[in-house]
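The structure appears below as structure tokens.
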Amino acid sequence: MKQVPEKLLQPYNAQEIEPGLYKTWEDSGYFNPDNLPGERKEAFTVVMPPPNANGSLHAGHALFVTIQDILIRYHRMNGKNALWLPGSDHAGFETQVVYEKKLEKEGRSRFDMKREDLYKEILDFTLSNKSFMEGQLRQLGASCDWSRSLFTLDERVIKTVYNTFSKLNEDGLLYRGKRIVNWCPKHQTSLSNLETSHVTRKDPFYYFKYGPFTIGTVRPETKFGDKYVVMHPDDARYKEFAHGQKITVEWINGPIEATIIKDETSDPEFGTGVMTITPWHSGVDFDIAKRHNLDMEQIIDERGKLLPVAGEFAGMNIKDARAKIVEKLESKGLLVKTDTEYSHEVSVCYKCEREIEPQVKAQWFVTMKPLAEKAVSALDKGEFRILTDQHEKVFRHWMGNVQDWNISRQIVWGIPIPAKICDACDKGFVDIAGEKASCESCGGQLRQEADTFDTWFSSGQWPLTTTGFPDGDDFKKFYPTAVMETAADILFFWVARMVMFGLYLTNEVPFKDIYLHGLVRDAHGKKMSKSKGNVISPLEVSNEYGTDALRMGLIVNNAPGVDMNLDPKKVGAYKKFANKIWNATRFVLEKTTDYEESDTAFTKEDQELYDAWIVVKNDITSDLENYRLHLASEKIYDYFWKTFCDSIIETRKTRILEDKEKTSAQKLLLILLREQLIVLHPFMPFITEEIWKDIKREDDEMLLVTRW
RNA sequence: GGGCGAUUAGCUCAGUUGGUAGAGCAGCGCAUUUACACUGCGAAGGUCGGGGGUUCGAAUCCCUCAUCGCCCACCA
């Protein structure tokens, strides 16, 4: 007679069991595919989106851990060479912003610090958060190969990034150019378009007399340098004026000579159809000025203050200056009217929400069009898939409209751009080895480029660096990877760039499938935010209900690509499920203490039940192969509870008590429990592994590596 | 300005290739020496946003209207 383990007499307690089990798995070495038992030919590789090493894991992290861990565990059990590559992200601008906030609280400022001191401080901060973050990944059950973990500032990463930078240069896909960039006056750096967001704002729209014209503007404070007046060439109202004609107009600080420019981008329907332009501080104006080879002059400095060109207004903050300038123009009789109902979209820094001040700056740009075309063509040819169709459409749309990418950042926390700038002619030269001394163009003295890379420039090469591109063993074995699973909101930031860089450097898309998940919201579908106070910490939920329950709460019924709600009540339901599994196990073990494994045949009815289970299992397997985790998880939950517990156990119960075809019933219960534990394991790894200890046969390995 | 999506039970959401609807939570009735009250049994609850079309058959495909949301974009 076998004994029922004592532990099963108590309700299931996840907190007691989970940490120890994780350690057992980790110590087994099976997270590393090199140690996996049995012959495994095919690789299944997932590169983990490296969490930012600047804080605690949030619900979105818990979701990706759940999805990716389910996939990895399933494929590992299914005989694949399963590799999940973890990492941690220095997260350039993101982390610098976090650290600057910390400095502010301490009454310090990055602008009073030496470059190297600031870098050192952020590095220490990041490294200490890194191990904290890794502990949280372990709590969530992530079965990733820690021996291959990579940090985004590791030497290998930098080497690859530099090589790519150099290759782009050689291939003519890199240039340093004076362009209009998104300048954040608070963070004192340029930002890519993706790092700006847009808000609708209602601002007064002023009409001013400008010589014979009336011009419209919302930004009078930029108007000091406006010596060009632009209208559409076909606008009949202004046909008496010729392109290039010069007129003298009375303006803010006295008369100026203005030149008439006819340009087709001027919209005759907008305002009066006439505008003056400020090429240094507006993208549209910059393009017009470029087209006609016009002078450009900086009016506003990097901190948002007016330069000497503003005369009496010099040194004023543009916010305060606007009203004063309007006042002055009005006193000179130049204000025609003000439209107070005008509303428009303005760009703001996505971190501090300060208005972006466009500035002309020399920055490094990557020419995107050829890279994007290659990506779209690979998609057309079916070289990779994007789940869902919706995201594929969005991906195509973005690729079709992609603009050159500003990869220069004026921040310390990042990978330095390996280049030199000429003091005399301001030209930039790629210099990986750091050996260039004088300007190739004018012979002037060179100085080190002070800017760092946009963090996504290096992240975009992450599947390459983690697998050891170009000649590492892992690269041959594990690249291209199986699936990139990440948040839909970094489709452009990250996924698109990985596709492009992968194709550019290896001629292969770095992953066969792209699986995008939506935002994790609170129980009522509200976006989580500190200010709303509705942030749900996945670690706290895990502490309360167990990680297995959290994982089920995150995956059941949550369709790919769609925003989902995390409801602690729902997680509670899966805590009950864990207990249900626990108790069913106790029952099965209690009723089979006298059962000896033998060739006992099933009765016809028991065989049918078993066959019906195989149908369910195959269905779940197919769901897992096709990323329908939300359905697979629901099906195993439903089968275990409704079919196995409520129906099969209940009906076999009396047969065992009354000793009617008892051994067939016992065999069915044991086999179904065993097989369900296998199927449940990817979803609820902890409780299943714990129970497995008491169910497994002598030769069985731990459930982690038991064959599906 | 351009693009994408949503609308299904009181709430939050699933519904894989078209075969007349499911889960969790909430709520209702019954059961307490039961493997499990972190339970069981039962019942209730939806004209799948409105309208039109295709089809033997539509929550699912097409058109249209309404409402809500998201993303991209150089701010006259």
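The values are calculated or read from the model by the stated rules, or taken from the named source; none is laboratory data. None of these values were measured; they are calculated from a predicted model. Don't worry about glycine lacking a Cβ; one is built from the backbone with ideal geometry, like all the others, and counts go over all protein chains shown. Accessible surface areas use protein heavy atoms only, side chains included; no ligands, DNA or RNA. Shrake-Rupley method; radii C 1.70, N 1.55, O 1.52, S 1.80 Å.
Checking A:Ala496, A:Ala433, A:Ala482, A:Ala450 one by one, the residue that is in contact (Cβ under 8 Å) with a residue 40 or more places away in the chain and part of a loop (DSSP other than H, G, I, E, B) is A:Ala450 and no other.
A single entry from A:Glu116, A:Glu39, A:Glu26 fulfils the requirement of being in a loop (DSSP other than H, G, I, E, B), among the acidic types (Asp, Glu) and surrounded by fewer than 20 Cβ atoms within 10 Å (Cβ to Cβ): A:Glu39.
Residues of the stretch A:255-291 that are surrounded by fewer than 17 Cβ atoms within 10 Å (Cβ to Cβ) and more than 8 Å from RNA strand B (Cβ to nearest atom): A:Pro255, A:Glu257, A:Thr259, A:Glu264, A:Lys290, A:Arg291.
For the stretch A:81-96, a residue qualifies if it is assigned to a helix (DSSP H, G or I) and surrounded by 22 or more Cβ atoms within 10 Å (Cβ to Cβ), and the qualifying residues are A:Gly92, A:Phe93, A:Thr95, A:Gln96. Among residues of the stretch A:630-655 that are in contact (Cβ under 8 Å) with a residue 12 or more places away in the chain and open to solvent by 30 Å² or more (accessible area, probe 1.4 Å), those with a beta-carbon under 6 Å from a residue that is more than 7 Å from RNA strand B (Cβ to nearest atom) and assigned to a helix (DSSP H, G or I) at least six positions away or on a different chain give the pairs A:Lys635/A:Ile620. When the stretch A:270-300 is filtered for residues that are out of contact with any strand residue (DSSP E or B) (no Cβ under 9 Å at 6 or more places or on another chain) and acidic (Asp, Glu), only A:Glu297 remains. Please determine whether any residue of the stretch A:576-592 is over 27 Å from A:Arg138 (Cβ atoms), open to solvent by 50 Å² or more (accessible area, probe 1.4 Å) and of a type in the set (S, T, N, Q). Yes, the conditions are met somewhere in the stretch A:576-592.
One line per residue, one yes/no per condition, for (1) outside any loop (DSSP other than H, G, I, E, B); (2) at pLDDT 95 or above; (3) over 45 Å from the mean Cα position of the chain (by Cα):
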| site | (1), (2), (3) |
| --- | --- |
| A:Asp646 | yes, no, no |
| A:Lys653 | yes, no, yes |
| A:Gln666 | yes, no, yes |
| A:Ile678 | yes, yes, no |
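Apart from one condition, A:Gly502 fits all of (1) of a type outside the set (S, T, N, Q); (2) in contact with a Pro (Cβ under 6 Å, 6 or more places away or on another chain); (3) part of a strand (DSSP E or B); the exception is (3). Taking the criterion of being over 16 Å from A:Arg674 (Cβ atoms), of a type in the set (Val, Ile, Thr) and either open to solvent by 70 Å² or more (accessible area, probe 1.4 Å) or within 15 Å of RNA strand B (Cβ to nearest atom) (or both), the residues of the stretch A:594-629 that qualify are A:Val615, A:Thr621.
If A:Lys361 satisfies all but one of (1) open to solvent by less than 50 Å² (accessible area, probe 1.4 Å); (2) more than 16 Å from RNA strand B (Cβ to nearest atom); (3) basic (Lys, Arg), what's the number of the condition it fails? With respect to (1) open to solvent by less than 50 Å² (accessible area, probe 1.4 Å); (2) more than 16 Å from RNA strand B (Cβ to nearest atom); (3) basic (Lys, Arg), A:Lys361 is out only on (2).
Quick check on the stretch A:575-592. Is at least one of its residues under 22 Å from A:Arg674 (Cβ atoms), more than 15 Å from RNA strand B (Cβ to nearest atom) and at pLDDT below 95? For the stretch A:575-592, residues under 22 Å from A:Arg674 (Cβ atoms), more than 15 Å from RNA strand B (Cβ to nearest atom) and at pLDDT below 95: absent. One residue alone among A:Lys436, A:Lys527, A:Lys477 is open to solvent by 20 Å² or more (accessible area, probe 1.4 Å), among the basic types (Lys, Arg) and under 24 Å from A:Phe151 (Cα atoms), and that residue is A:Lys477. Here A:Phe469 clears all of (1) within 25 Å of A:Val394 (Cα to Cα); (2) part of a loop (DSSP other than H, G, I, E, B) except the condition numbered (1).
Of all residues in the stretch A:379-404, exactly one satisfies the criterion of being of a type in the set (D, E, K, R), assigned to a helix (DSSP H, G or I) and away from RNA strand B (no atom under 11 Å from the Cβ), namely A:Asp380. Of the numbered criteria (1) more than 7 Å from RNA strand B (Cβ to nearest atom); (2) in contact (Cβ under 8 Å) with a residue 40 or more places away in the chain; (3) under 25 Å from the mean Cα position of the chain (by Cα); (4) open to solvent by less than 20 Å² (accessible area, probe 1.4 Å), the one A:Met564 fails is (1).
Scanning the stretch A:259-288 for residues that are outside any loop (DSSP other than H, G, I, E, B) and among the aliphatic types (A, V, I, L, M) yields A:Ile260, A:Ile261, A:Val274, A:Met275, A:Val284, A:Ile288. Of all the numbered requirements in (1) open to solvent by 20 Å² or more (accessible area, probe 1.4 Å); (2) more than 21 Å from A:His58 (Cβ to Cβ), A:Ser128 misses one, and that requirement is (2). Figure legend. Inter-residue proximity from the stretch A:222-250: first residues acidic (Asp, Glu), second residues open to solvent by 20 Å² or more (accessible area, probe 1.4 Å) and part of a helix (DSSP H, G or I), beta-carbon distance below 6 Å, spacing 6+ or different chains. No pairs are indicated. Return yes or no: is A:Phe93 among the aromatic types (Phe, Trp, Tyr), touching a residue at least 24 places away in the same chain (Cβ under 8 Å) and out of contact with any helix residue (DSSP H, G or I) (no Cβ under 9 Å at 6 or more places or on another chain)? No, not satisfied. Entry remark, the stretch A:470-486: residues being modelled with pLDDT under 95 and touching a helix residue (DSSP H, G or I) at 6+ places or on another chain (Cβ under 6 Å) number 0 in total. One residue stands out among those in the stretch A:1-23 that are part of a loop (DSSP other than H, G, I, E, B) and surrounded by 12 or more Cβ atoms within 10 Å (Cβ to Cβ): the one that is farthest from RNA strand B (Cβ to nearest atom), which is A:Lys2. Checked against (1) modelled with pLDDT under 95; (2) part of a loop (DSSP other than H, G, I, E, B), A:Gly414 passes all but condition (1).
Scanning the stretch A:48-63 for residues that are in a helix (DSSP H, G or I), out of contact with any strand residue (DSSP E or B) (no Cβ under 6 Å at 6 or more places or on another chain) and open to solvent by 10 Å² or more (accessible area, probe 1.4 Å) yields one hit, A:His61. Would you tally the residues in the stretch A:296-344 being within 15 Å of RNA strand B (Cβ to nearest atom), farther than 21 Å from A:Lys227 by Cα and outside any loop (DSSP other than H, G, I, E, B)? Of the residues in that region, 7 qualify. Quick one: in the stretch A:214-254, of everything that is in a loop (DSSP other than H, G, I, E, B) and basic (Lys, Arg), which residue is nearest to RNA strand B (Cβ to nearest atom)? Filtering the stretch A:214-254 for residues that are in a loop (DSSP other than H, G, I, E, B) and basic (Lys, Arg), the one nearest to RNA strand B (Cβ to nearest atom) comes out as A:Arg219.
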